[in-house]
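A short worksheet on the structure shown next.
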Amino acid sequence: MDLKGAEIRNVKNLCSEMGSKENVPMRVNIPYYQRPYKWGEDNIKNLINDFKKNEENGKDGKKGKKEYFVGSAVMVVSAEKNHDVIDGQQRITTMFLFTYLEFLLQRAYVEELLSKKRIAKLDTALQKLEEICNILFGSKIEESLKKVHTEIIEKVSEEEQGDNLFDILLENYQKAVFLPEKNLTDEMEYADKYYIEQKKLLKKCDLSLKYNRESYNEKLKEALSSFVIFLTDVHNPKCRVAKQKEDELVKQYIDAMKYEFNGLCNIISIKGKSPIEYTNELISEIDSMLEHIKFCVIITGNENDAYTLFEVLNDRALDIEDLDLIKNLFYKWYCHHTKEDDDTVDECIEEVDEIWVEKVFTPITGKDRAKMISYFAAVFFTADDALKYNDSERYREVLENKYLNNKNEYNSVDIKNDIGVYQMIAILLENVELAYQHKNMKCVEAEISVEKSITYKTFHLLNALKQYGVLSALINVIVKQYIDNHTGTDGAINIDEFGKYVDEI
């Protein structure tokens, strides 16, 4: 196994060399086959509240112990030092969004310091902003910010200062960090200008968290551009959303940042604090989270090793979410073995992902039916008569070694057909009403029914006898016969008629 190492780390040093204490900019990549960001209000609220409780009480009863462990992050490091995330992308993305929220607050905080000529805190505040920019964007914006930082500190230290010095410094600062001139007489108009500047910033900079799917990168940047933070000397920081597009994933990111912002505001008292002091406390709380929320980071140089580690670490015997491993195997093979362009790949994965989540393994599928679908599909694809119903940990391995390894080219029609097999098996099991409890009783009911076909009765008899190997052979015959008679000249299977076909038999 090509294991590079394992360490307990926070998001700030997620991508450091193993054994190194040096912080390097986060550079993580979410592969094509990973599902989109899904964390909602409960996930984020629980993270904030649990962290706060841990901070106050400590895991072992010692007040003040802050380290809070949120699970593993399994990554594959490339020769270019990019880190592909195999496990942990939901948590890592959440911490990335916290970092971006800290950037927006710190940027507004420095703007207000300059506006109110709070000289004493400027140097430290600007330095902190540079550090945050380095984590999020790398060196591009950091360099221009350092230049303005030096100018500000030098000018405010001079004995003679012009009447409009701070106006000039504020304007230069706003340009360097892509902020519009602050005029809040119309907040939504200001938010629209803020959005335009954010778009310019994110076009110039590479984000430290990226997706292989370019459409996801665009949606993430759209959400980040739309999220607006501002404060004044009479109002605590507010968040606004500008120009939100009607897109579910864009909304998902924006909502997550709202939950983060509101969750932080709920745990920090405003009593006796000015807006600028309150903003600084919000920033300190985020900084504490970024510092003390820890991952067990495991890095390999090989993708297969990373998946093996993921399975060992989770060890959940094919819960519905673990079926993502099998789905991701097909996605990975498609992305690595197609000659189609990125737009086609993007569109195809979105289409088959919708089928997998909404038509095959839905929230009401249940663990038993999910195991059956997965088992019967694995046997269909591999014809492996040694594969057993309870060999769930082998499904992915067998699919890769005995099916996908034989395909040097694998295009959108191929993956749609393969995911379609899972869909057909799901339809078949639903239509024959296969039981997962009280199998014997269901078998007797089927046998004495004059309305049920011999095929229906055979399914229930084999199920009651736990003859899953024979049952898989029967399913293979039904699915294969349908495919042979419902495949178009382009090689695509027409699955729309499969339900009717099952009803007829």
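The values are calculated or read from the model by the stated rules, or taken from the named source; none is laboratory data. Please read all numbers here as calculations on a predicted model, not as lab measurements. Heads up, the Cβs are rebuilt from the backbone with ideal geometry, glycines too, and the neighbour counts pull from every protein chain shown. These area figures cover heavy atoms from the full protein model, side chains too; ligands, DNA and RNA do not enter into them. Shrake-Rupley method; radii C 1.70, N 1.55, O 1.52, S 1.80 Å.
Which pairs in the list Lys452/Lys480; Lys210/Lys416; Lys359/Lys388; Lys4/Lys258; Lys128/Lys273; Lys52/Lys147 are over 30 Å apart, alpha-carbon to alpha-carbon?
Working: Lys452/Lys480 23 Å; Lys210/Lys416 26 Å; Lys359/Lys388 25 Å; Lys4/Lys258 37 Å; Lys128/Lys273 21 Å; Lys52/Lys147 37 Å.
From the list (Lys452/Lys480; Lys210/Lys416; Lys359/Lys388; Lys4/Lys258; Lys128/Lys273; Lys52/Lys147), the Cα-Cα distance tops 30 Å for Lys4/Lys258; Lys52/Lys147.
Reachable aspartates and glutamates from Lys466, Cα under 16 Å, same-chain residues fewer than 8 places away excluded?
Cross-link targets: Asp368, Asp385, Asp391, Glu433.
Calculate one ³J(HN,Hα) per residue across the stretch 127-140 by plugging θ = phi - 60° into the Karplus curve 6.51 cos²θ - 1.76 cosθ + 1.60, and present them in order as whole Hz with x for glycine and proline.
4, 5, 4, 4, 5, 5, 4, 5, 5, 7, 10, x, 8, 4
Per-residue counts of other Cβ atoms within 10 Å, averaged by peptide: what ranking do you get for 10-16, 103-109, 410-416, highest first?
Numbers: 10-16: 21.1, 103-109: 23.1, 410-416: 18.4.
Highest mean packing first, the order is 103-109, 10-16, 410-416.
Taking a probe of 1.4 angstrom, what is the accessible area of Met18 in Å², to the nearest 10?
50 Å²
Quick query: amide H of Tyr68 versus all other amide H atoms, modeled in the peptide plane; which residues come in under 5 Å with a sequence gap of 5 or more or a different chain?
Here Ile293, Lys294 satisfy the definition.
List, in order, the whole-Hz ³J(HN,Hα) value for each residue of the stretch 479-487 obtained from phi through the Karplus relation with A = 6.51, B = -1.76, C = 1.60 and θ = phi - 60°; use x for Gly and Pro.
Taking θ as phi minus 60°, the curve returns 5, 5, 4, 5, 4, 4, 9, 9, 10 Hz for the stretch 479-487.
With +1 on the Cβ of every Lys and Arg and -1 on the Cβ of every Asp and Glu, and nothing else charged, how large is the dipole of the chain about its Cα centre, in debye rounded to the nearest 20? Mind dumping the intermediate values first?
On the way: 68 positive and 91 negative charges, 269 e Å.
Roughly 1300 debye, rounded to the nearest 20.
With a 1.4 Å probe and all protein chains left in place, how much of the accessible area of the chain comes from carbon and sulfur atoms, in whole percent? Write out the running numbers ahead of the final one.
Numbers: 10970 of 23950 Å².
Heavy-atom surface of the chain belonging to carbon and sulfur, 1.4 Å probe: 46 percent.
What number, in percent, do you get for the relative contact order of the chain if the mean sequence gap of Cα pairs under 8 Å and at least 6 apart is divided by its residue count? Could the numbers behind the result be given before it?
Details: 648 pairs, mean separation 94.2, N = 505.
Taking the mean separation of contacting Cα pairs over the length of the chain, I get 19 percent.
How about the stretch 319-419: which GluC sites (Glu not before Pro) there lie in a loop by DSSP and see at most 10 other Cβ atoms within 10 Å?
Numbers: sites: Glu321, Glu340, Glu347, Glu350, Glu351, Glu354, Glu358, Glu393, Glu397, Glu400, Glu409; in loops: Glu340, Glu409.
Answer by residue number: Glu409.
For the full complex of protein chains and a 1.4 angstrom probe, list Arg91, Arg394, Arg118 by accessible area with the highest value first. Present the calculation step by step, with values, prior to reporting the outcome.
On the way: Arg91 45, Arg394 70, Arg118 105 Å².
Sorted by accessible area, descending: Arg118, Arg394, Arg91.
From the phi angles alone, apply the Karplus equation (6.51, -1.76, 1.60; θ = phi - 60°) to the stretch 86-92 and give each ³J(HN,Hα) in whole Hz, x where the residue is Gly or Pro.
Whole-Hz 3J(HN,Hα) from phi for the stretch 86-92: 9, 9, x, 5, 5, 5, 5.
I'd like the accessible area for Ile168, computed on protein heavy atoms only with a 1.4 Å probe and all protein chains in place. Round to 10 Å², please.
80 Å²
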